[in-house]
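Working notes, structure below.
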Amino acid sequence: MQLPKHYDPKEVETKWQKYWEKNNIFAFDKKSKLPIYSVDTPPPTVSGKMHLGHSFSYSQQDFIVRFKRMSGNNVFYPFGTDDNGLPTKLLIEKEKHVRANDMSRKEFTKLVLKTLKEELRPKYIADWKKIGMSCDFNMFYTTINEHCQKISQKSFIDLYKAGREYRTEAAAMYCPKCQTAISQVECEDKDIHSAFNDIVFKTDKKDLIISTTRPELLSACVAVFYHPTDKRYQKLKGKTAKVPVFDYEVPILEDEKADPEKGTGIVMCCTFGDSTDADWQKAHKLPIREAIDKQGRMTELAGKYKGMKIEEARKAIIEDMKESNLLIKQEPITHAVNTHERCGTPIEFIHSKQWFIKYLDLKKDMLKWGKELNWYPEHMRNRYENWVKGLQWDWCISRQLPYGIPFPVWYCEDCDEIILAKEDSLPVDPTEDAPPVKQCPKCKGKKIIPEKDIINTWATSSLTPQIAASLVPEMYDKLYPMTMRPQAHDIISFWLFNTVVKSQLHNKKNPWKDCVISGWALDPHGKKMSKSKGNVIEPQVMIDKYSADCLRFWAAGSKLGEDLPFQEKDLVTGQKFITKFWNASKFAIMHLEDYKKTKPKLEAFDRWFLIKLNNLIKTSTESFEKYEFSRTKADTEKFFWQTLCDNYLEIAKDRLYNPDKRGKESRQSAQFALYNGVLTCLKLMAPITPHFTEEIFHLYFADKSKSIHLTDWPKYDAKLADKKTESAGDLAVNIIIAVRKLKADSNISLGKEIKKLIIKTKDKKSLEPFLDDLKSTTRADEIKFEGKADVDISEDLKIGILA
């Protein structure tokens, strides 16, 4: 058999990726009777190209999926892309040099869909194929296609009818940069440098000092609060305070949310500075004064500061207060501020009509739902529970964006009656489609107007189990609830939590059984990667420099949930492993050309090797069943280097090269062990490094199998366990290692023959079956046992050599 001299990953990986796709190797089999293992594959947001974090977390989920496929499961592993909402809007605006606000929704949506289909999505998905993802890419969805729009709009209608959705005019979190309402889940805390400003309010013509970081909100001040137990201010109860600069009176009230230890202990309430202001306004029925508009600029209420940006107004008001002696003190601080996770802009609270999903009343149930899931790793449930316990708001699902999935809603302009689309007409766009009625069913008014907001993308992404399962409608109940949700730890509060909520609200069941949580890929110094820091490492560059298998090898070095700093040396280690495996396999194949694939009477060292291999199968299977792929990788790598290459191949070489010396049966025994050893190691590594294992498999081992990934995972055989043979083999290997070391220390060539090897041991009898291989491996003409060892062999191995 003519074998390739060198392994070329670029050629090999491209070849097998095309082969897998052409032959539908990873297709879900609708007719199979095997148990179904269904995966709620995360649909990546179309953002140009895959980043290192993608290659890290998606590789880890693919390890598990490939293992499950080889373990006798009919795997449902669809692939989708998230191209709905703000991220896609910003991407298309950048790529096409347009502004969505300058176009009609229909025109912009048409541009988005065309650009995604023809330009962006194919290139983007190609990155996932290049890392060897074993998805069924024919089971495909996008979160903006009609299939998803229909499911998302039906979800809205169902929850509205169930009394779980409401529209109200309220303080909503708002991003001035993105110009849309956002939900609590889309916020992240960011430390921002600011200042506590001690400013002078007046009450009874006396100074009342109040500390604030937001003086630009003075024109929106509606009350002043102190804690009921704070004796400093109890005398002010029922009085009023004059707001500086704007000179109007507001009531002084008491509330337990006021913190006596913060600032001066008395605080102004503005509509709205934060969630506490919103709570106070609602609880005390305070008026609403809006100082900031949806563009992040000051309103007419701000007087001469009208039209200024927030930061600009803050500086101007501070300067004016300094001139008027209304600013007593400034103290620099760094404090956590709620920002929009998409753009980093500090959020504001805008009073407007928004759609909400009501769920704050379900917090106890949410904790119960979380405990019913299997978490890998277990401690990740804490993040879910901490999020639930910290929930303060119902889920705001409306967004003021020109692109996304429309609400299937119209309103009566006269009485504001809500008019829902008919389910058989979904999906609809109320700004384009006619309403389902010609007059309001409540007041008979004929002015029916469309809802212009769109449904938040997370409200659609939280339906991915149902979206994916409905790709095979005839098997929906077998696919949903799903077996496994893989995802990164940073979106537990975003995606995982909301998916659980939606599934429970709709179907009263959890969406999957197992939650598999990956960590982050960090830069070499353990820092989060970002373009602004200039520390981004592109997976495409690493694949080109090394290979996809090397990148996956690196990703397998981390346990689930753990963040992993990127170290290029780990890819070098993977490259060395692949090269060594390639060379070892070529050596094996060369000696297996006449192998009959029948089990002969086994030599002692071959039995020992197969026992060790059997042990590896057991631990590797147990590890993978617990989703501990990093242990399988580490154990198999160690076995390959130490047991197979360093020891067994060296031991078996004499019998493989010299069949006449020890007899054909002895060589056939070595062939049997070698064949099973190499094939088993290939299969154990196949989920992690799918390309080179497929290549080697087809060089010799394939027979009629289409792919190594469709073969059976190695099975542990309890009957092979033999502690006596294993212990004796371990002792024999230790003797070989000791002889090598003694030769090396004595500057004797490892290949130099020795006349007599004297071994001091009490286990002479157990070593006798190994003597022939011991002689050939140590190059000893004679092995002699002398006396008994004074101590246990594991503590003191005494070997003498007579040259």
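The values are calculated or read from the model by the stated rules, or taken from the named source; none is laboratory data. The structure presented is a predicted model; accordingly, all values stated were derived computationally and were not measured. Cβ sites come from the backbone with ideal geometry, for glycine too, and all protein chains shown count toward neighbours. We work out accessible area using only protein heavy atoms, side chains counted, and drop any ligands, DNA or RNA first. Shrake-Rupley method; radii C 1.70, N 1.55, O 1.52, S 1.80 Å.
Hey, any hits in segment 9-31 for a residue that's at pLDDT below 95 and in contact with a helix residue (DSSP H, G or I) (Cβ under 7 Å, 6 or more places away or on another chain)?
There is no residue in segment 9-31 that is at pLDDT below 95 and in contact with a helix residue (DSSP H, G or I) (Cβ under 7 Å, 6 or more places away or on another chain).
Give me the pairs: first residue in segment 426-437 and open to solvent by 40 Å² or more (accessible area, probe 1.4 Å), second residue among the acidic types (Asp, Glu) and part of a loop (DSSP other than H, G, I, E, B), beta-carbon distance under 9 Å, and six or more apart or on different chains, which are they?
Pairs found: Thr431/Glu451.
Can you confirm whether segment 73-87 contains a residue that is open to solvent by 20 Å² or more (accessible area, probe 1.4 Å), more than 22 Å from Ala556 (Cα to Cα) and at pLDDT below 90?
Yes, segment 73-87 contains a residue that is open to solvent by 20 Å² or more (accessible area, probe 1.4 Å), more than 22 Å from Ala556 (Cα to Cα) and at pLDDT below 90.
So the check is Cβ under 8 Å with 6+ separation or different chains; which pairs have a first residue in segment 330-345 that's over 20 Å from Pro176 (Cα atoms) and at pLDDT 80 or above and a second one that's β-branched (Val, Ile, Thr) and in a strand (DSSP E or B)?
Hits for this filter: Thr334/Ile192.
So, Leu111, is that one open to solvent by 20 Å² or more (accessible area, probe 1.4 Å) and of a type in the set (A, V, I, L, M, F, W, C) or not? Steps first, answer last, please.
Working: open to solvent by 20 Å² or more (accessible area, probe 1.4 Å): yes; of a type in the set (A, V, I, L, M, F, W, C): yes.
For Leu111, the condition - open to solvent by 20 Å² or more (accessible area, probe 1.4 Å) and of a type in the set (A, V, I, L, M, F, W, C) - is met.
Of all helices (runs of 4 or more DSSP H) completely enclosed by segment 652-714, which ones contain at least 2 residues that are more than 27 Å from Lys129 (Cβ to Cβ) and among the aromatic types (Phe, Trp, Tyr)?
664-685
Just to confirm my filter: which helices (runs of 4 or more DSSP H) fall fully inside segment 435-514 and include at least 1 residues that are of a type in the set (Val, Ile, Thr)?
Per the criteria, 457-461, 464-469, 497-507.
In segment 144-154, what residues are touching a strand residue (DSSP E or B) at 6+ places or on another chain (Cβ under 8 Å) and farther than 16 Å from Lys502 by Cα? Don't jump to the end; show me each part of the working.
Filtering segment 144-154 for residues touching a strand residue (DSSP E or B) at 6+ places or on another chain (Cβ under 8 Å) gives 144, 147-149, 152-153.
Ile144, His147 - these are the residues of segment 144-154 that are touching a strand residue (DSSP E or B) at 6+ places or on another chain (Cβ under 8 Å) and farther than 16 Å from Lys502 by Cα.
Note down all Cβ pairs under 7 Å where the first residue falls in segment 702-731 and is free of Cβ contacts under 8 Å to residues at least 12 places away in the same chain, the second is in a loop (DSSP other than H, G, I, E, B) and not charged (D, E, K, R), and they're at least six residues apart or on different chains.
What qualifies is Ser705/Thr711.
Within segment 388-410, take every residue that is open to solvent by 10 Å² or more (accessible area, probe 1.4 Å) and out of contact with any helix residue (DSSP H, G or I) (no Cβ under 7 Å at 6 or more places or on another chain) and give me the one that is modelled with the highest pLDDT.
Lys389
Quickly run through segment 644-697 and pick out the residues that are of a type in the set (S, T, N, Q), closer than 18 Å to Trp713 by Cβ and open to solvent by 10 Å² or more (accessible area, probe 1.4 Å).
Asn676, Thr680
Condition check: over 18 Å from Ile199 (Cα atoms), surrounded by 19 or more Cβ atoms within 10 Å (Cβ to Cβ) and modelled with pLDDT under 90. Does Ala291 satisfy that?
no
Which of the residues belonging to segment 343-365 are in contact with a Leu (Cβ under 8 Å, 6 or more places away or on another chain) and surrounded by 14 or more Cβ atoms within 10 Å (Cβ to Cβ)?
If the condition is that a residue be in contact with a Leu (Cβ under 8 Å, 6 or more places away or on another chain) and surrounded by 14 or more Cβ atoms within 10 Å (Cβ to Cβ), then Ile357, Tyr359 are the ones that fit.
Do we find that Gln330 is more than 14 Å from Leu496 (Cβ to Cβ) and open to solvent by 20 Å² or more (accessible area, probe 1.4 Å) in this structure?
Working: more than 14 Å from Leu496 (Cβ to Cβ): yes; open to solvent by 20 Å² or more (accessible area, probe 1.4 Å): yes.
It is true that Gln330 is more than 14 Å from Leu496 (Cβ to Cβ) and open to solvent by 20 Å² or more (accessible area, probe 1.4 Å).
Looking only at segment 220-238, how many residues end up being closer than 16 Å to Val267 by Cβ and either assigned to a strand (DSSP E or B) or open to solvent by 60 Å² or more (accessible area, probe 1.4 Å) (or both)?
Counting residues in segment 220-238 that are closer than 16 Å to Val267 by Cβ and either assigned to a strand (DSSP E or B) or open to solvent by 60 Å² or more (accessible area, probe 1.4 Å) (or both) gives 10.
Among the residues in segment 734-752, are any closer than 27 Å to Tyr595 by Cβ and under 44 Å from the mean Cα position of the chain (by Cα)?
no
Check Lys150, Lys123, Lys202 and return the single one that is in a helix (DSSP H, G or I), over 30 Å from Phe356 (Cα atoms) and either free of Cβ contacts under 8 Å to residues at least 24 places away in the same chain or open to solvent by 30 Å² or more (accessible area, probe 1.4 Å) (or both).
Lys123
Collect the residues in segment 268-279 that are open to solvent by 10 Å² or more (accessible area, probe 1.4 Å) and at pLDDT 90 or above, keeping them in residue-number order.
Met268
Taking only pairs six or more apart or across chains, which ones have beta-carbon atoms under 8 Å, a first residue in segment 212-241 that is free of Cβ contacts under 8 Å to residues at least 40 places away in the same chain and farther than 19 Å from Glu256 by Cβ, and a second residue that is of a type in the set (S, T, N, Q) and open to solvent by less than 30 Å² (accessible area, probe 1.4 Å)?
The qualifying pairs are Lys239/Thr203; Thr240/Thr203.
Lys31: part of a helix (DSSP H, G or I), of a type in the set (Lys, Arg), out of contact with any Gly (no Cβ under 8 Å at 6 or more places or on another chain) and open to solvent by 40 Å² or more (accessible area, probe 1.4 Å), yes or no? I'd like the intermediate steps shown before the answer.
Numbers: part of a helix (DSSP H, G or I): no; of a type in the set (Lys, Arg): yes; out of contact with any Gly (no Cβ under 8 Å at 6 or more places or on another chain): yes; open to solvent by 40 Å² or more (accessible area, probe 1.4 Å): yes.
Here the answer is no, as Lys31 does not meet what is asked.
Would you say Glu13 is open to solvent by 30 Å² or more (accessible area, probe 1.4 Å), touching a residue at least 40 places away in the same chain (Cβ under 8 Å) and over 30 Å from Phe497 (Cβ atoms)?
So Glu13 fails the test.
If you take the residues of segment 366-387 that are more than 18 Å from Lys509 (Cα to Cα) and not acidic (Asp, Glu), which of them is surrounded by the fewest Cβ atoms within 10 Å (Cβ to Cβ)?
His379
Would you please name the residue that is nearest to Gln354 (Cα to Cα), looking only at residues in segment 456-500 that are surrounded by 18 or more Cβ atoms within 10 Å (Cβ to Cβ), among the β-branched types (Val, Ile, Thr) and modelled with pLDDT of 95 or more?
Thr460
Among the candidates Tyr595, Tyr627, which residue alone is at pLDDT 95 or above, part of a loop (DSSP other than H, G, I, E, B) and not small (Gly, Ala, Ser)? Break it down into steps so the answer makes sense when it comes.
On the way: Tyr595 fails: at pLDDT 95 or above.
Testing whether each residue is at pLDDT 95 or above, part of a loop (DSSP other than H, G, I, E, B) and not small (Gly, Ala, Ser) leaves just Tyr627.
Could you list all residues from segment 255-279 that are of a type in the set (D, E, K, R) and in contact with a strand residue (DSSP E or B) (Cβ under 6 Å, 6 or more places away or on another chain)? Reasoning before the result, please.
Within segment 255-279, the subset of a type in the set (D, E, K, R) is 255-257, 259, 261-262, 274, 277, 279.
Listed by number, the residues that qualify are Asp255, Asp277.
Can you name the residue in segment 178-199 that is within 26 Å of the chain's Cα centre (by Cα) and assigned to a loop (DSSP other than H, G, I, E, B) and is also surrounded by the fewest Cβ atoms within 10 Å (Cβ to Cβ) among such residues?
So the residue we want is Cys178.
Which of the residues that make up segment 521-567 are of a type in the set (A, V, I, L, M, F, W, C), open to solvent by less than 10 Å² (accessible area, probe 1.4 Å) and over 16 Å from Arg631 (Cα atoms)?
Across segment 521-567, the qualifying residues are Ala548, Cys550, Leu551, Phe566.
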